[in-house]
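Here the structure is laid out as structure tokens; the discussion comes afterwards.
The values are calculated or read from the model by the stated rules, or taken from the named source; none is laboratory data. The structure displayed is predicted, hence computed values, not measured ones. Quick reminder, even Gly has a Cβ in these numbers, built from the backbone with ideal geometry, and neighbours come from all protein chains shown.
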Amino acid sequence: MSRAGDLDEADDAVRVRMVVNGRKTACDVAPRDTLVDCLRNQLELTGTHAGCEMGACGACLVQLDGRAVHACLMFAVQADGARIDTIEGLAESGVIADLQAEFHRRNALQCGFCTPGMLMTAHDLLSHDARPDRETIRDALSGNFCRCTGYEAIVDAIAAVAEARTTKASQPAEGSSS
Amino acid sequence: MSAPLTSLDRPNSYIGRAVPRPNAKRLLAGRGRYVTDIRLPRMLHAAFLRSSHAHARIISIDAEAARALPGVHLVATGPDLAKICTPWTGTLDHFKGMTSEPQLPLPLERVVWAGQAVVAVVAESRALAEDALELISVDYEELPAVVDLDAARQSGAERVNPAVGSNICFRAQLDSGGVDDAFASALHVIEQDFSFGRHTPVTLEPRAIIADYESESGMLTVHHATQTPYQFQDLYSRHYGIPEARVRVIAPDIGGSFGMKLHVYHEDMAVVGLSMLLGRPVKYVADRIESFVSDIHARDHQVKARMAVDAAGKILAMDVHDVTAIGAFSTYPRTSVVEGNQVIRLIGAPYDFKSYRAALEVVFQNKVQTSQYRAVGHPIACAVTERMVDLAAARVGLDPLAMRANNVIADDAYPTASPTGYKFEALSHQACLERLRRLMDYDALRAEQAELRRRGIHRGIGIATFVEITNPSPAFYGVGGARISSQDGATLSLTPSGEVRCAISVTEQGQGTEAIISQIVADQLGVAQEHVKILTGDTEVTPHGGATWACRGAGIGGETALQAARQLKANILEIAGLILQEQPAALDIVDGQVVGKATQKPRLSVAEIARISYFRSDTLPPGTQAQLTVSHHFAPQGYPFAFTNGIQGCYLEVDVDTGFVKLLKHYVVEDCGRIINPMLVDEQLRGGVVQGLGAALFEECRYGETGQLLNGSLADYLVPMAMEMPDIVIDHVETPTADTILGAKGCGEAGTAAASACVLNAVNDALTTFGASINAIPITPARVLKALNRY
Ligand code: FES
Ligand code: FES
């Protein structure tokens, strides 16, 4: 069977439209491309990592319409129409600045390969549960594999941010009338 | 000439300070640059067809359809790469009599483990390359596979290499003398067999490499996720016949290594050759399944141990036999016998006894290679020793901590040597032991244990004393003929604006190498840490050096940086002296300012010295040549290794109905000499402990009878996760080595060295009332229930 080379690939391509990190984005993907492939290869958002490609390690976590999902378990075409936020987007918007700062201060990362996924989980957890105890934090991290840290520093960092956020929330907002 | 190393109140005193890692912020923003992330112009992608048999002869390979697939640029088999790559053999001269078959990137006629790469495809995308693999058919003639360790040792066993007489790779024996007499005279003789499963490092970033050969210049650039770029520069140069200076190896951000990424892998060697054949960059990233079948595995030991003890509980002698299986080849260039060699040399090392005998047998089998992984040999030696100590304590009727207090080498007995000949400069077993007793609140914990036991709750306390080999000299590899450096080099420059740039041969995998080197340089020069930029991981940029392995980064790399910084400081002060008309010895540098040593008053900024030297050298006295770049090398001398020591404790609960073990708390007291950054040391210990805890309870590469790996995925191979891991309490004793000015020793493997031994002892402690005993790792629920006769 004679084939027309690269044209085949282009013929199979599907156009996917997403709002990625706040910007409208369109890209052509093969039907078999996963969301993590599309983000990393097509959109060059390499902060999202692939560690197992079967939903076991959490390195590929991104936010899809505000919920943490495994980008390795979804085909890119399934994300059509969705809002995707990756580590790059969350970092630029400043919503996880306190988490990043505390991870840094507490050295809650070594090689950093698990770190974007850890931050996704931490962000997700704290948006549902403002005062998780250590047990709850460890439980929330149960889908995030880290080979370097032994987890304790990550738990410490998330606990410290939860506490700081709660303290801040309980103080009267600046400029409020007395 | 300098202030004391650890006075934390003087300006720019960074040695001993818990400062965060400057280079970690990028990683937190998703701006890491791992090899996995790198894309080069015209880059192609490699994928490998792997053997489905553990042992088979290759009859023929039909790759026509794959070659014809659009987008495929090359399909290569063994002979294609053998034409350009010379074979390698994983033996070293100081392991007398060891053998291993020569290896090539892809096999010529025989496959020797299930998962071995057989055919390479290079295509425009990884997906296309994988499509092409499905079009290749290989005709195999199956050969008998050597899978079981005991079967492999039988005479007349099927052989991994049919051309030789046995499956033995290496044998060694140690005998201090007096062993039989000691056993004959001992009141108690304890005997026990142990087994340790195979596990594997499972770095979160898999192995990744991009080779980029440019035929016009004859230049090879390799972006390689490795700890040891210089070692690979040397190997690529020699095996592919490219002059060393034309080989550049760059190791950017690495997603974990732990020893795994410093071995030669067949695929990595192949990728270099594929790039040479194509004249284009070729990338290969192992997927997780490929990692499980082709990354090195580790451990896999069967140990028989005997210990002779007198009536008072004093250890008199030990006699051990370790058999370890290493797969089909010994790895290159570090071999696969170092682990076994360290097992037999480290057993009993914390204890004061004279008579020791050991035998080691290293055996081939049709599985992927085992080799050096974090704490090489230590966890096995420690588990055997510490379990034997507990068994002896029980026999004599002593508390485990008291038994250790009676037997460890006394803190005032140094320098001394182990019965196996390891020389110890100064260790602190007694101090660590007392510290641990307080840290754990040992007596209270025992009381709580007893109280809970009455209520049917079975908790266990485990203790493990250990020593760790760090700061290796050429005695480790160099003497065996390996071109693996034990020295490091640094090039330190004062930049024109008065900042400092340090290019050093030790490398970063997240442990904080760059952070501690910048702390040392800033501290020794007298400048702010943020004005020091560290460069690592590029053979084109830094001097040649050993890089990072065997816990040498802080001790050897740190001393290199310290000595280089002192030299640069002397050079800066010499120019300052000329400008200020002062004796350099009367000047010092504090916070980037040259000050009078006596007055501490600022006289001139370092930036001004840089400006004058670089741009207005005409204003310096005639004949002055400012040397604001120094290159300096440091090789360890004195003791062949800087041993460290410590002790760990573990508190856990065993559910005797389900066999599950719940880790409650872990304790570490460690002595790594001078601590440069206490936070980073503690995090190294925690990470190391958790790798040991994973080994103790979960991790095992399980094989079927035909040599197939049965659990090669992250869903099937269990790794320690956050909710299973305890908090880890850490304390330190500091005994600096006198072999260096810095006094630092290593700490990266200490956690792993003793954690699994601790768990083994704690589980057995929890089960004592049942008369049950476990002497195998991992301690799975099934093993616990079996020991309790409930399974
Ligand atoms: S890569 Fe998606 S969970 Fe591991
Ligand atoms: S920091 Fe390396 S995997 Fe978590």
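In the condition set (1) part of a helix (DSSP H, G or I); (2) over 23 Å from B:Ala776 (Cβ atoms); (3) touching a His at 6+ places or on another chain (Cβ under 9 Å), B:Ala308 is compliant with all but (1).
Count of region A:47-71 residues, restricted to those that are in contact with a helix residue (DSSP H, G or I) (Cβ under 6 Å, 6 or more places away or on another chain), closer than 30 Å to B:Pro41 by Cβ and away from ligand 2 (no atom under 16 Å from the Cβ), is 1. Restricting region A:112-143 to residues that are in a loop (DSSP other than H, G, I, E, B) and within 16 Å of ligand 2 (Cβ to nearest atom) leaves a set whose member that is nearest to B:Gly255 (Cα to Cα) is A:Phe113. Out of everything in region B:124-157 that is touching a residue at least 60 places away in the same chain (Cβ under 8 Å) and of a type in the set (Ser, Thr, Tyr), what residue ends up being farthest from the other protein chains (Cβ to nearest Cβ)? Looking at the filtered set, the residue picked out is B:Tyr140.
Of everything in region A:102-139 that is within 19 Å of A:Gly55 (Cα to Cα) and more than 8 Å from every other protein chain (Cβ to nearest Cβ), the residue that is surrounded by the fewest Cβ atoms within 10 Å (Cβ to Cβ) is A:Asp124. For B:Ala298, indicate whether it is in a strand (DSSP E or B) and closer than 30 Å to B:Leu235 by Cα. Yes: the conditions hold for B:Ala298.
Scanning region A:10-42 for residues that are part of a loop (DSSP other than H, G, I, E, B), more than 8 Å from chain B (Cβ to nearest Cβ) and surrounded by fewer than 19 Cβ atoms within 10 Å (Cβ to Cβ) yields a total of 3.
If you go through region A:142-153 and pick out every residue that is without any contact (Cβ under 8 Å) to a residue 24 or more places away in the chain and either buried (at least 24 other Cβ atoms within 10 Å of the Cβ) or over 16 Å from A:Cys57 (Cα atoms) (or both), you end up with 3.
Restrict the check to region B:103-123 and report whether at least one residue is within 14 Å of another protein chain (Cβ to nearest Cβ), surrounded by fewer than 24 Cβ atoms within 10 Å (Cβ to Cβ) and at pLDDT 95 or above. The answer is no; no qualifying residue exists. A single entry from B:Leu652, B:Leu664 fulfils the requirement of being assigned by TED's automatic domain parsing to the domain that holds B:Met403, surrounded by fewer than 21 Cβ atoms within 10 Å (Cβ to Cβ), within 24 Å of B:Asp390 (Cα to Cα) and of a type outside the set (D, E, K, R): B:Leu664. The conditions of being free of Cβ contacts under 8 Å to residues at least 40 places away in the same chain, within 16 Å of ligand 1 (Cβ to nearest atom) and of a type outside the set (Gly, Ala, Ser) are not met by A:Leu43. Within region B:169-186, if we keep just the residues that are under 34 Å from the mean Cα position of the chain (by Cα) and buried (at least 17 other Cβ atoms within 10 Å of the Cβ), the residue that is farthest from B:Asn341 (Cα to Cα) turns out to be B:Val179. For A:Gly81, are the conditions met, namely being more than 16 Å from ligand 2 (Cβ to nearest atom), in contact with a His (Cβ under 7 Å, 6 or more places away or on another chain) and not assigned by TED's automatic domain parsing to the domain that holds A:Ala140? No, not satisfied. Within region A:58-74, which residues are out of contact with any Ser or Thr (no Cβ under 6 Å at 6 or more places or on another chain), near ligand 1 (Cβ under 6 Å from one of its atoms) and over 18 Å from B:Gly32 (Cα atoms)? Answer for region A:58-74, where residues must be out of contact with any Ser or Thr (no Cβ under 6 Å at 6 or more places or on another chain), near ligand 1 (Cβ under 6 Å from one of its atoms) and over 18 Å from B:Gly32 (Cα atoms): just A:His70. If you check B:Ala245, B:Ala208 for being surrounded by fewer than 19 Cβ atoms within 10 Å (Cβ to Cβ) and either within 16 Å of ligand 1 (Cβ to nearest atom) or more than 14 Å from chain A (Cβ to nearest Cβ) (or both), only one passes: B:Ala245. Within region A:96-111, the set of residues being away from ligand 2 (no atom under 11 Å from the Cβ), part of a loop (DSSP other than H, G, I, E, B) and farther than 19 Å from A:Cys60 by Cα comprises A:Arg106 only.
Summed over region B:605-621, the residues that are aromatic (Phe, Trp, Tyr) and either over 43 Å from the mean Cα position of the chain (by Cα) or not assigned by TED's automatic domain parsing to the domain that holds B:Glu582 (or both) give a count of 1.
Pairs linking a residue in region B:744-757 that is in the same structural domain as B:Thr644 (by TED's automatic domain parsing) to a residue that is of a type in the set (Ser, Thr, Tyr) and in a helix (DSSP H, G or I), with Cβ atoms under 9 Å and 6 or more positions apart or on different chains, are B:Ala757/B:Thr385.
B:Arg42 - would you say it is of a type in the set (Lys, Arg), assigned by TED's automatic domain parsing to the domain that holds B:Leu274, outside any loop (DSSP other than H, G, I, E, B) and surrounded by fewer than 18 Cβ atoms within 10 Å (Cβ to Cβ)? Considered against the rule, which asks whether it is of a type in the set (Lys, Arg), assigned by TED's automatic domain parsing to the domain that holds B:Leu274, outside any loop (DSSP other than H, G, I, E, B) and surrounded by fewer than 18 Cβ atoms within 10 Å (Cβ to Cβ), B:Arg42 comes out as no. Taken as a whole, region B:560-582 holds no residue that is outside the structural domain of B:Arg783 (by TED's automatic domain parsing), surrounded by 17 or more Cβ atoms within 10 Å (Cβ to Cβ) and assigned to a strand (DSSP E or B).
Tell me, please, whether a residue that is touching a His at 6+ places or on another chain (Cβ under 6 Å) and either in a strand (DSSP E or B) or modelled with pLDDT under 95 (or both) can be found in region B:413-433. Within region B:413-433, none of the residues are touching a His at 6+ places or on another chain (Cβ under 6 Å) and either in a strand (DSSP E or B) or modelled with pLDDT under 95 (or both). The residues in region A:43-85 that are surrounded by fewer than 18 Cβ atoms within 10 Å (Cβ to Cβ), at positive phi and facing chain B (nearest Cβ under 10 Å) can be counted, and the count is 2. Kindly indicate whether any position in region B:287-298 is within 14 Å of chain A (Cβ to nearest Cβ) and more than 16 Å from ligand 1 (Cβ to nearest atom). Yes, region B:287-298 contains at least one residue that is within 14 Å of chain A (Cβ to nearest Cβ) and more than 16 Å from ligand 1 (Cβ to nearest atom). Could you check region B:210-233 and list, in sequence order, the residues that are of a type in the set (D, E, K, R) and closer than 15 Å to B:Asp538 by Cβ? B:Asp212, the sole residue that qualifies.
Matching residues to (1) assigned to a loop (DSSP other than H, G, I, E, B); (2) within 14 Å of another protein chain (Cβ to nearest Cβ); (3) under 25 Å from B:Ile777 (Cβ atoms); (4) not small (Gly, Ala, Ser):
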site	(1), (2), (3), (4)
B:Val264	yes, no, no, yes
B:Leu274	no, no, no, yes
B:Lys283	no, yes, no, yes
B:Gly313	yes, no, no, no
B:Met318	no, no, yes, yes
B:Ser330	yes, no, yes, no
B:Thr335	yes, no, yes, yes
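Exactly one residue out of B:Ser237, B:Ser257 is part of a helix (DSSP H, G or I) and either without any contact (Cβ under 8 Å) to a residue 40 or more places away in the chain or closer than 27 Å to B:Gly115 by Cβ (or both), and it is B:Ser237.
For region B:12-33, the set of residues classified as more than 7 Å from every other protein chain (Cβ to nearest Cβ) and not in a loop (DSSP other than H, G, I, E, B) consists of B:Arg26 only.
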